[in-house]
Amino acid sequence: MTETQKKEIDTVKDLRSMTIGELKSELKEAGFPAFRADQLYRWLHVQIVRSYDEMTNLPRNLIQYLEEHYILSGARMADRQISALDGTQKFLFAMRDNCLVESVLMKYHYGNTICISSQVGCRMGCSFCASTLDGLERNLLPGEMLEQIYEIRRQTGEKISHIVVMGTGEPLDNYDNLVRFLHLVSDENGMNLSQRSITVSTCGLAERIMDLAGEQLSITLAISLHAVTDEKRRQIMPVANRYSIEELMRACTGYFDKTGRRITFEYSLIHGVNDLKEDAVGLTALAKHVHAHVNLIPVNPVAERGYERPTDAHVQAFKMELEKSGINVSIRRALGRDIDGACGQLRHRQLSCC
């Protein structure tokens, strides 16, 4: 994608990315009554239509105006995988410019969770993740983040109870679009999802964590920690060259103090790399420092990285080491292991075939 195309994507007026207040203001300026904005917003975020033609109660002159001045973000399904083991569904979506992003529908006892992408590709370079193998192409608009959720709902008919912004991309590297998305998806006039049912995962952009603390949101913040020393973290996460663990912990403490929301540490267990007893001891100290919950993630093997998954017994032993010190710990249920389960794998396979 050229720089001109990227600039066009970033500056375009996408209807699905606009708040109801913005729609009312712009339509009023164009000579349309405010109630038309209410109707339009409902079509976009409740009826989740794909095209202007489906907006049957809008007058033709308004439709023509919208077609001339705005775009309507959409997601076309390019591939879909369904796990025979647990029913997890992985989707590959093509955006308006044919850029590819991944989303996942996961079923748990408490409801259905959708994991969405926030960028096309990723520039963070984490060594255990397939998302970064092809670099960063561009940021996703708020409407494109929403459209991943909407298209999965259209395709499956499933009700969604939780959203995690944990797919391809670093959400805080697309900060403004992320925050707008969070407000839109929780808007009572639209999908009306509780912010407490939304998790945003970051590899640890410290200054953006503090920015997020000031947004007055009630989301759950998850920190992709994955190592407990700067030396080891730098080996697997290039972002650690910019932010030390000490800086990251200061940001986490500030976030907790300002929001009162407990942070989750995401910790991908990689056999022989970060799953030793000394790692468990260090993780215990960090989690206690910021009152964090720890979510252990046995790593999904990525052929290009050469990392191996620890045995189930080793994962349980690591968990027990944390729990005996009073740390609240969970093990992420391994879903979609018979499909391209890890973030970025399906997209990378598709790009490699082209």
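The values are calculated or read from the model by the stated rules, or taken from the named source; none is laboratory data. Please read all numbers here as calculations on a predicted model, not as lab measurements. Heads up, the Cβs are rebuilt from the backbone with ideal geometry, glycines too, and the neighbour counts pull from every protein chain shown.
Conditions (1) of a type outside the set (S, T, N, Q); (2) more than 27 Å from Asp97 (Cα to Cα); (3) modelled with pLDDT of 95 or more, marked per residue:
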| site | (1), (2), (3) |
| --- | --- |
| Val12 | yes, no, no |
| Leu15 | yes, no, yes |
| Thr19 | no, no, yes |
| Ser25 | no, yes, yes |
| Lys28 | yes, yes, yes |
| Ala37 | yes, no, yes |
| Tyr41 | yes, no, yes |
| Ile48 | yes, no, yes |
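Just checking, does the stretch 47-55 include any residue being within 20 Å of Asn192 (Cβ to Cβ), in contact (Cβ under 8 Å) with a residue 12 or more places away in the chain and not assigned by TED's automatic domain parsing to the domain that holds Asn192?
Applying the first criterion (within 20 Å of Asn192 (Cβ to Cβ)) to the stretch 47-55 yields 47-49.
Then keep just the ones that are in contact (Cβ under 8 Å) with a residue 12 or more places away in the chain; that gives 48.
Checking the rest, the ones that are also not assigned by TED's automatic domain parsing to the domain that holds Asn192 come to 48.
Yes; the residues of the stretch 47-55 include at least one that is within 20 Å of Asn192 (Cβ to Cβ), in contact (Cβ under 8 Å) with a residue 12 or more places away in the chain and not assigned by TED's automatic domain parsing to the domain that holds Asn192.
Of all residues in the stretch 62-94, those being in contact with a Leu (Cβ under 8 Å, 6 or more places away or on another chain) and within 19 Å of Gln148 (Cβ to Cβ) number 16. May I ask you to list the residues in the stretch 269-294 that are buried (at least 19 other Cβ atoms within 10 Å of the Cβ) and touching a Ser or Thr at 6+ places or on another chain (Cβ under 6 Å)? The answer is Thr284, Val290.
Within the stretch 236-262, the only residue that satisfies the criterion of being in contact with a His (Cβ under 8 Å, 6 or more places away or on another chain) and polar (S, T, N, Q) is Thr253. The residue that is surrounded by the most Cβ atoms within 10 Å (Cβ to Cβ), among those in the stretch 28-77 that are aromatic (Phe, Trp, Tyr) and in a loop (DSSP other than H, G, I, E, B), is Phe32.
Those residues that are assigned to a loop (DSSP other than H, G, I, E, B) and under 30 Å from Ala213 (Cα atoms), I need them from the stretch 260-275; list them, please.
Those that are assigned to a loop (DSSP other than H, G, I, E, B) and under 30 Å from Ala213 (Cα atoms): Gly260, Arg261, Arg262, Ile263, Asn274.
The residue that is surrounded by the fewest Cβ atoms within 10 Å (Cβ to Cβ), counting only those in the stretch 224-268 that are under 21 Å from Gly306 (Cα atoms) and free of Cβ contacts under 8 Å to residues at least 12 places away in the same chain, is Glu231.
Annotation: of all residues in the stretch 305-354 being in contact with a helix residue (DSSP H, G or I) (Cβ under 7 Å, 6 or more places away or on another chain) and modelled with pLDDT under 60, the one that is surrounded by the fewest Cβ atoms within 10 Å (Cβ to Cβ) is Ala342.
Kindly provide the set of residues from the stretch 190-215 that are surrounded by fewer than 18 Cβ atoms within 10 Å (Cβ to Cβ), touching a residue at least 40 places away in the same chain (Cβ under 8 Å) and part of a loop (DSSP other than H, G, I, E, B), ordered by number. Gly214 - this is the single residue of the stretch 190-215 that is surrounded by fewer than 18 Cβ atoms within 10 Å (Cβ to Cβ), touching a residue at least 40 places away in the same chain (Cβ under 8 Å) and part of a loop (DSSP other than H, G, I, E, B).
In this structure, Ala30 does not qualify as without any contact (Cβ under 8 Å) to a residue 40 or more places away in the chain and touching a Lys or Arg at 6+ places or on another chain (Cβ under 9 Å).
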